[in-house]
Amino acid sequence: MTVPSRPTRSRTTARTPPAGAAASVSASSARKFARRQWSRRLLRLSPALVLASVVVLAGLAVWAFGFSTLFDARTVVVGGLTPASGLSRAEVLSSAAVPLGRPLARIDLDAVRKRVAALPAVKGASVERSWPHEVRIEATCRTPVAVWRDGSVARVVDAEGVAFRTAEGMRTRFVTIETAARESDPERVAGLRQAGAQVAAALPAELRRRVETVRVRTVDSVTLHLDRGVTVMWGSADDSRSKARVLAALLKQRAKVYDVSVPGFPTTRT
């Protein structure tokens with residue numbers, strides 16, 4: 001008789017990991033945990049770190065540009081000067097009084113501009129910084145159009161009637177403006193001079209060569225005296241360019257007196 005065999009039961013035996021492996025897992029977990037903790041802290045600190053960095057960089061920039069000698073003013077460049085203005089670079093530099101050695105960012109450019117613009121021969125000026133060490137001055141000089149006699153002194157005037165230098169040493173021939181003699185009111189004299197200068201500025205080159213004197217009795221009574229004894233009744237300085245064109249056409253007719261005070265109805269007298 002055969003005895004049946006008993007079924008074999010499978011058994012699972014739990015194995016304990018080696019001590020070294022457990023320690024490795026534990027250390028790895030700890031590192032991961034620490035990294036997560038640092039990440040959370042950095043996320044919380046990052047806005048403050050960014051702000052601190054910005055403040056530090058801004059402070060360094062303020063110091064570098066505003067208080068150090070890294071970007072100080074060392075040279076001044078002057079442009080726009082013309083021989084007719086009679087203005088030299090040395091005169092502009094003296095009036096500008098740019099404080100060399102001072103940080104470029106702290107130089108008052110508007111104050112420099114005003115000092116340069118106050119020069120009689122300067123009609124306008126602009127001043128700018130040119131990093132890292134330069135101040136640039138660009139002057140707009142007055143253009144002479146006539147000579148006005150201030151007593152015994154001949155002075156050059158521009159189209160606005162501003163007398164900005166003496167005529168001494170100038171080789172170019174200019175129209176001479178004569179105003180009412182011995183005017184005691186400076187404002188009236190300036191108005192008469194301006195009227196004469198506006199007329200002189202409106203004359204084309206060919207006609208200007210023939211004009212010897214522009215006499216201004218009042219702002220509405222301007223008379224031109226040309227070569228060969230020719231007289232031109234000009235009237236006021238208004239519409240001077242139209243009057244100049246009409247006169248250029250009339251001069252083709254022989255006459256001693258030309259009247260263009262009303263340019264639409266000019267007349268001549270022999």
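The values are calculated or read from the model by the stated rules, or taken from the named source; none is laboratory data. For clarity, every value in this text was computed on a predicted model and none was experimentally measured. Cβ sites come from the backbone with ideal geometry, for glycine too, and all protein chains shown count toward neighbours.
Of note:
- Residue satisfying all of: in the stretch 249-270; of a type in the set (S, T, Y) and either part of a loop (DSSP other than H, G, I, E, B) or surrounded by fewer than 16 Cβ atoms within 10 Å (Cβ to Cβ) (or both); nearest to the chain's Cα centre (by Cα) among these: S261
- Residue in the stretch 59-69 that is part of a loop (DSSP other than H, G, I, E, B), of a type outside the set (S, T, Y) and modelled with pLDDT of 95 or more present: no
- Qualifying position, being among the small types (G, A, S), touching a residue at least 12 places away in the same chain (Cβ under 8 Å) and over 30 Å from G101 (Cβ atoms), among G151, G161, G124: G161
- Odd one out for T172, checked against (1) touching a residue at least 40 places away in the same chain (Cβ under 8 Å); (2) of a type in the set (V, I, T); (3) surrounded by 20 or more Cβ atoms within 10 Å (Cβ to Cβ): (3)
- Where V246 falls short, out of the listed (1) crowded, with 17+ Cβ neighbours inside 10 Å; (2) part of a helix (DSSP H, G or I); (3) in contact (Cβ under 8 Å) with a residue 40 or more places away in the chain: (3)
- Boolean, M233 is of a type in the set (A, V, I, L, M, F, W, C), within 20 Å of K256 (Cβ to Cβ) and out of contact with any Cys (no Cβ under 6 Å at 6 or more places or on another chain): yes
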